[in-house]
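Inspection log for the structure reproduced underneath, given as structure tokens.
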Amino acid sequence: MNGRRPRVLVNCAVSLDGRLAYAGGARARLSGPEDLIRVMRIRAASDGVVVGVGTVLADDPSLRVHWELLGETGGRAPYRIVLDSRGRTPEGARVLDGSAPTLLATAADCPRRFPEGIERYRGGTGRVDLEGLLGDLADRGFRQILVEGGAEVLSSFFRAGLVDRATVYIAPWLIGGHTAPPLLGGPECPDAAATIPAGPVTAEPLGAGLLLTFSPPGRAGAPL
Ligand SMILES: NC(=O)c1ccc[n+]([C@@H]2O[C@H](COP(=O)([O-])OP(=O)(O)OC[C@H]3O[C@@H](n4cnc5c(N)ncnc54)[C@H](OP(=O)(O)O)[C@@H]3O)[C@@H](O)[C@H]2O)c1
């Protein structure tokens, strides 16, 4: 990457014990009403909203701005961006419904064809090359993207040092168990040396939960 990339915001919601979803990855609606409005404001201010294909398969999200929550009838729609190395996004997925600009990011050799109108980034061996994708988005004029998950994608962005600011809403309940995904997936962390520094964390009450904000140090490349 030549250092040009959009600003990368991360946002997600977790239970008090740090789970992104229910057992086996079943979708959990963790945001309260105040948090939903906050997330819609960030989506509306971003050029793209990013998720992994795991989230598409588990949740089938629309990734659209719900303008009515912002008291508006409409506005500029951010791109829906799916990291899908092997082209596993189902044909009937909401992100392929053509209702908002959409970009599918695949590995370089992925043969899958997507419906007309769906834009494409190809790069990376095995998995989508995140830095290549961010450089491509910068070339398209993207200034800010919002990465919403899930656990694998969040891990990749944090471990690559590509997160400029993260907000995590903590819902006031616990999930527990062994199969509910935690905030971060990715490689195992064997010791303190392999942890990801978060930098100073601020916390503020939001509805019945808590909003954490932090900007991890040591990010790679400079945002535009
Ligand atoms: N609470 C929240 O805020 C929130 C938000 C979003 C999702 N979720 C939850 O998160 C869960 C899904 O998380 P997940 O970890 O299974 O899936 P995910 O992070 O959404 O997607 C992971 C997949 O993305 C693909 N990918 C492509 N390039 C990648 C890269 N460079 N780095 C990482 N992944 C890449 C990989 O599949 P390929 O190799 O096949 O491409 C990978 O398996 C669901 O339970 C969902 O409900 C919660």
Qualifying position, being out of contact with any Pro (no Cβ under 8 Å at 6 or more places or on another chain) and of a type outside the set (A, V, I, L, M), among R7, R43, R19, R64: R64
Which residue out of V65, V10, V53 is without any contact (Cβ under 8 Å) to a residue 40 or more places away in the chain, under 15 Å from the mean Cα position of the chain (by Cα) and closer than 29 Å to G126 by Cα? V53
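Being assigned to a loop (DSSP other than H, G, I, E, B) and either out of contact with any strand residue (DSSP E or B) (no Cβ under 9 Å at 6 or more places or on another chain) or without any contact (Cβ under 8 Å) to a residue 60 or more places away in the chain (or both) is the filter; apply it to the range 22-37 and report the residue that is surrounded by the most Cβ atoms within 10 Å (Cβ to Cβ).
Y22
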With the requirement that a residue be closer than 16 Å to A203 by Cβ and aliphatic (A, V, I, L, M), what does the range 11-35 give you? A13, V14, L16
Out of the residues in the range 161-199 that are in contact (Cβ under 8 Å) with a residue 60 or more places away in the chain, away from the ligand (no atom under 12 Å from the Cβ) and among the small types (G, A, S), state the one that is farthest from G24 (Cα to Cα). G176
For the range 1-53, what are the residues that are among the charged types (D, E, K, R), within 10 Å of the ligand (Cβ to nearest atom) and within 24 Å of T102 (Cβ to Cβ)? R27, R29
Of everything in the range 188-198, what is under 20 Å from R127 (Cβ atoms) and exposed (fewer than 10 other Cβ atoms within 10 Å of the Cβ)? Give them in sequence order. E188
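When you scan the range 121-130, do you find a residue that is closer than 25 Å to R41 by Cα and either away from the ligand (no atom under 13 Å from the Cβ) or in a strand (DSSP E or B) (or both), even just one?
No: zero hits.
What is the residue count in the range 190-213 for residues that are over 16 Å from the mean Cα position of the chain (by Cα) and closer than 21 Å to V8 by Cβ?
The total comes to 10.
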Is it fair to say S46 is hydroxyl-bearing (S, T, Y), within 17 Å of F142 (Cβ to Cβ) and surrounded by 22 or more Cβ atoms within 10 Å (Cβ to Cβ)? yes
Is one or more of the residues making up the range 132-143 modelled with pLDDT of 95 or more, in a loop (DSSP other than H, G, I, E, B), buried (at least 19 other Cβ atoms within 10 Å of the Cβ) and within 11 Å of the ligand (Cβ to nearest atom)? no
Out of the range 73-117, which residues are within 16 Å of the ligand (Cβ to nearest atom), under 15 Å from the mean Cα position of the chain (by Cα) and either charged (D, E, K, R) or not in a loop (DSSP other than H, G, I, E, B) (or both)? R80, I81, V82, L83, D84, V95, T102, L103, L104, A105
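The values are calculated or read from the model by the stated rules, or taken from the named source; none is laboratory data. All values reported here derive from a predicted model rather than from experimental measurement. As a convention, Cβ positions derive from the backbone with ideal geometry for all residues, glycine included, and neighbour counts pool all protein chains shown.
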